[in-house]
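Okay, structure first, notes after.
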Amino acid sequence: MSKEITHDGVVVKTDGREVSVMIVQTSACSGCHAKGACMASDKDEKIIVADSAGQTFRPGDQVTLVGSNSMAWSALAYAFVLPTVLAMAVLFAAASFWGEGVAALVVLAFLGLYFFVLWLFRDKMKTAFTFRVEPKRPAYVPE
């Protein structure tokens with residue numbers, strides 16, 4: 001299993017050491033022949049700001065964003081695993097005090113607070129979740 005996650009993209013802006021790269025995320029079924037009749041296929045463009053590591057890039061350059069696999073697992077834990085476990089604990093605790101209806105509202109308020117706190121720490125988390133930019137290498141073509 002690879003220890004790195006890569007995304008191909010296009011440089012849209014450079015600013016000192018930071019490079020803004022547009023990547024296109026597609027769903028797993030976007031390559032399906034029936035995607036025109038299905039609402040499940042989707043495509044989303046995202047702008048990722050990455051460190052150029054001293055390399056020079058210009059808007060329009062084809063690049064590869066590289067991130068660590070451990071970074072992906074950490075993001076998954078912060079976004080899904082941790083809030084789910086904490087929400088279940090809050091649900092059971094609140095249900096034992098106030099009943100199910102109020103407990104459901106308490107859990108929704110807790111999740112709102114959890115994601116608000118993540119948003120407050122977004123600048124600190126940017127340092128933990130960083131991509132590096134590499135020039136895109138041409139595909140190998142045998143002679």
Could you tally the net charge around SER52, taking each other residue with its Cβ under 9 Å from the Cβ of SER52, Lys/Arg +1 and Asp/Glu -1? 0
How much of GLU45 can a 1.4 Å solvent probe reach, expressed as accessible area in Å² and rounded to 10? 120
In terms of modelled amide H atoms, which long-range or inter-chain residues lie less than 5 Å from the amide H of VAL12? SER20, VAL21, MET22, GLY60
Roughly speaking, what is the stretch gain from ALA53 to LEU86, that is 0.36 nm per residue apart minus the C-alpha to C-alpha distance, in nm to one decimal? 8.1 nm
For segment 55-143, what size does the Cα cloud have along each of its three principal axes, sorted from largest down, in whole Å? 71, 30, 20
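Where Lys and Arg each count +1 and Asp and Glu each count -1, what net charge lies around SER68 among other residues with Cβ under 10 Å from its Cβ?
+1
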I want to verify the translational diffusion coefficient of segment 50-93 in µm²/s; compute it with Stokes-Einstein, Rh as the Kirkwood radius over Cα pairs, at 4 °C and 1.567 mPa s. 94
Residue-normalised value, i.e. accessible area per residue, for segment 79-137 at 1.4 Å probe, in Å², stands at 75
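The values are calculated or read from the model by the stated rules, or taken from the named source; none is laboratory data. Since the model is a prediction, treat every value here as computed from it, not as a measurement. Reconstructed Cβ throughout: ideal geometry from the backbone, glycine too, with neighbour counts over all protein chains shown. Just the protein is used for accessible areas: all its heavy atoms, side chains included, with ligands, DNA and RNA removed. Shrake-Rupley method; radii C 1.70, N 1.55, O 1.52, S 1.80 Å.
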